[in-house]
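Worksheet for the structure shown next.
Here, each number is a calculation from the coordinates, and none is a lab measurement. Small disclaimer: the values here were computed from a predicted structure and weren't measured. A quick note on method: Cβ atoms are made from the backbone with ideal geometry, for glycine too, and the neighbour counts reach across all protein chains shown.
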Amino acid sequence: TINSYLDIPAVRNQFPTNLKFLWGKQQMDDNGKAYPFLELYAIKTVPGNDKAKLEGEVITDARQDYDPVTGGVVVEMSMNKHGADVWAKMTTDNVGLPIAITLDDVVYSAPFVNGPITGGNSQISMGNKNSAQTIDEAQDLSNILKSGKLNAPARIVQEQVVGPTLGKAAVKGGAMAFFISFLVIFTLMLVYYNTAGWVANIALILNLLFTIGILSAMHATLTAPGIAGLVLTIGMAVDTNVIIFERIKEELTRGKSYQLAVNDGYRRSLAPVLDAHVTTFLTAAILAYFGLGPVLGFATTQMLGISLSLFCGILVSRLVTDFYTNKNRHFNYFTGISKKVFRHANFKFIEYRKVTYIISGVVLVLGISAAFHGFQKGVEFSGGRSYIVKFNKPLSEQEVKDALNLQFGKYPEVKTYGSNQQFEITTDYLVNLEGSAADSTVASKMFTGLQKFLPAGTTAEEFIKTNKFIQQSKKVGASISDDLKAGAVKATIFALLAIFIYIFIRFRDWRYSLGTIIALLHDVLVVLAVFSFLPAVVPFPLEIDQHFIAAVLTVIGFSMNDTVIVFDRIREDSRTLRGKTKAEIINKAVNETLPRTVMTSLTVFLTILILFLVGGEVTKGFAFAMLIGVITGTYSSIFVAAPILIDMAKKRPLGAADTDSRPIIKKQVVPALNKK
């Protein structure tokens, strides 16, 4: 072929080094039939590389139009200031010569330069024929110019390859965590809520079936983060029923009939349930918008689970309850255990706020210190290549580091991955070089360094090409790692901002928004401090990567769940408890919501703990961050968010007093009519 002939070194050397041969696009005749030949263009490139002198990003607009003089079809093109300057020089130097317009190494047009073009505005003539075919060609050319992809081939900026052994282990661990979590939560609902627990379990089962069905219909890929999202859904799916059931129990304790208690329980739980789900959904949506790859799958699963939890927890649960009670029966919401737990809770939380302020101050110092102490960044944020390598004998991290230091010229980051026979090796060696040649060079260097730890006779091809030793490889370019870091910061800021605005709209009081944000920042700082100071202490990786960002945003959403429940009750009690002090109102509200706060935290904590223990190494860091977040989120909703309402705007009431909506009947004194 012609391409093969041109690639012959003896032929290639006859042409200038800055010459590149490109084929033109398939041309059509007036009848729409393809010509039996292609045009071959000799393109002059920038000396030293094969790029064009002017790239497509300088074009600001392009459109198909008509020449006002001749009426012929033209393409109007405009450029930015930099492009206009380069274009003026190019057209001045090439009057009477063609300039090629290419996309993905295909020449789409090569118009001749009639004269120097200054100012950045150009007109490309498509000929005097105003046929539909000419108009289509002009529109295609304008779209190519507007695309900003002149001579811009696709580049792989992030790549991950998982071997079958590691992938199978991750899916198996996630599936085991899913089933164990389901059994634990299913049993907990029956043990704590008696026969009413069946309502929660029916809603849970339907939630999971709907979620899996929708994911299947979407042809979603089963990944470890996706399974982690399903496991978390189990814990959060029963939260709606927990909030409703605890409110029904309160109404029953006040002496109401079962039917009235159920009606009031569902009605008064609607606001906190909606608030909690909306805020959690917001953080998941922000994560989905900024997340990539596996994290996007986790966020999608979480959003589905949250939406279906609202549907199943309110609609399905109410239908089941009404169907049962209409037959003159009722569910039992108490067991021997639940009757005793928090039955007479009367803790003085507000009185200890100065102590908790000191604790929060320490958290603030640790969080700020974490920024100076630094973090172990995952390959997504540091850029480079990461490998999980399995050996046939136990080794130490230092042995692996020393062996690779000689090859890479610096110590790579080495962490034990599951056992002392498997390690995660991350290096930035040749991080700025892309392509298979650079990948092969890095892998060969790693083989040379680790060869003494491998079985005798192991070849480089066996080490690199098979999954016998390299269980997983991941590559992230330096540019995409910067984008991911910027995206992570934006996601966190947008999540906090969205929550601040929502809480302000919902409560119409800046103190509630401020208390919420301070509580969330408190939770995030705790997680950051743990991931900064404990990597050398715990026997598993604590990296700042996309999974960590997913955990932080999920923690923000969950912490909001607890805080909103407490705030809703504070607002409700402030309307009914006239004459009480702020401290008394807040203490009462926190004590009243303590059972549901503990139960919602417990269900999520148990599912995440199971994921941490049996879910595998892939999700261990994520699960650990979530465990820390659940604990500190429960703490902050009680000891951080609520006390702020006391100390901010002290003279301002917590909420407007409740006005009695019942009609007031006044006695009218009618003068007696004496009949004589």
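Compactness ratio of the chain: Cα Rg over 2.2 N^0.38 Å, N = residue count?
1.28
Neighbouring Cβ atoms within 10 Å as the yardstick, rank Phe447, Phe504 fewest first.
Listed from fewest to most nearby Cβ atoms, that is Phe504, Phe447.
Over 31 Å between Cα atoms: which of Lys452/Lys475; Lys20/Lys89; Lys172/Lys339; Lys256/Lys580; Lys20/Lys490 fall into that group?
Lys172/Lys339; Lys20/Lys490
Report, in debye and to the nearest 20, how large the dipole of the chain comes out about its Cα centre when Lys and Arg carry +1 and Asp and Glu carry -1 on their Cβ.
3940
Based on the Kirkwood radius over alpha-carbon pairs, what is the Stokes-Einstein translational diffusion coefficient of the range 548-644 at 20 °C with 1.002 mPa s viscosity, in µm²/s?
Once the numbers are plugged in, D ends up at 150 µm²/s.
Report, by chain and number, residues whose modeled amide H sits under 5 Å from the one on Ile544, excluding near sequence neighbours (fewer than 5 apart, same chain).
Placed amide hydrogens put Gln376, Lys377, Gly378 under 5 Å from Ile544.
What pairs in Lys415/Lys465; Lys393/Lys468; Lys393/Lys415; Lys445/Lys465; Lys377/Lys401 have C-alpha atoms more than 19 Å from each other?
With Cα atoms farther than 19 Å apart: Lys415/Lys465.
Give me Ser307, Ser181 ranked fewest to most by other Cβ atoms within 10 Å of their Cβ, as a rough exposure proxy.
Ser307, Ser181
For the range 2-146, with only Lys/Arg (+1) and Asp/Glu (-1) charged at the beta-carbon, what is the dipole magnitude about the Cα centre, in debye rounded to 20?
So the dipole magnitude of the range 2-146 works out to roughly 380 debye.
Give the long-range amide H neighbours of Val113: residues separated by 5 or more places, or on another chain, with amide H under 5 Å away, using H modelled in the peptide plane at 1.01 Å from N.
Amide H to amide H, under 5 Å and 5 or more residues apart or across chains, Val113 pairs with Gly96, Leu97, Ile99.
Percent of alpha carbon pairs in the range 384-476 separated by more than 24 Å?
Counting every Cα pair in the range 384-476, those more than 24 Å apart make up 10 percent.
Would you be so kind as to identify which of Phe507, Phe298, Asn31 lies farthest towards the positive end of the dipole of the chain, taking Lys and Arg as +1 and Asp and Glu as -1 on Cβ and the Cα centre as origin?
Of Phe507, Phe298, Asn31, it is Phe507.
Determine the sum of side-chain charges near Asn587: Lys and Arg each +1, Asp and Glu each -1, restricted to other residues whose C-beta is under 13 angstrom from that of Asn587.
Computed value for this residue: +2.
Bin width 5 Å, alpha-carbon pairs only: give the P(r) of the range 2-146 as whole percents, running from 0 to the bin holding the largest distance.
2, 9, 15, 20, 21, 14, 10, 6, 2, 0, 0
Within the P(r) computed for the range 482-558, what percentage of the Cα pairs occupies the region above 22 Å?
Roughly 32 percent, rounded to a whole number.
Report the charge-dipole magnitude of the range 384-476 in Debye, nearest 20, computed about the Cα centre from +1 at each Lys and Arg Cβ and -1 at each Asp and Glu Cβ.
140
Tell me, what ³J(HN,Hα) does each residue in the range 622-638 have, in order and in whole Hz, if you take phi through Karplus 6.51 cos²θ - 1.76 cosθ + 1.60 with θ = phi - 60° and put x for Gly and Pro?
So the J values, rounded to whole Hz, are 4, 5, 5, 4, 5, 4, 4, x, 5, 5, 6, x, 5, 4, 5, 5, 8.
Net charge near Arg506: determine it from the other residues with C-beta under 10 Å of the C-beta of Arg506, scoring Lys and Arg +1 and Asp and Glu -1.
Summing Lys and Arg as +1 and Asp and Glu as -1 gives -1.
For a quick check: with amide H placed at 1.01 Å from N, whose amide H comes under 5 Å from Thr102's, ignoring anything fewer than 5 positions away on the same chain?
Placed amide hydrogens put Tyr108, Asn151 under 5 Å from Thr102.
Considering the zone a paramagnetic label at Asn121 would reach in this model (a point 7 Å from Cα along the Cα-to-Cβ line), which residues of the range 70-97 have amide N under 11 Å from it?
77-79
In the neighborhood of Ser78, defined by Cβ-to-Cβ distances under 14 Å, what is the net charge if each Lys or Arg adds +1 and each Asp or Glu adds -1?
Cβ neighbours under 14 Å give a net charge of -2.
Rank Leu542, Ala200, Gly615 by how far each Cα sits towards the positive end of the charge dipole of the chain (+1 on Lys, Arg Cβ; -1 on Asp, Glu Cβ) and give me just the farthest.
Ala200
How would Val231, Val320 line up from fewest to most surrounding beta-carbon atoms within 10 angstrom?
In order of increasing Cβ crowding within 10 Å: Val320, Val231.
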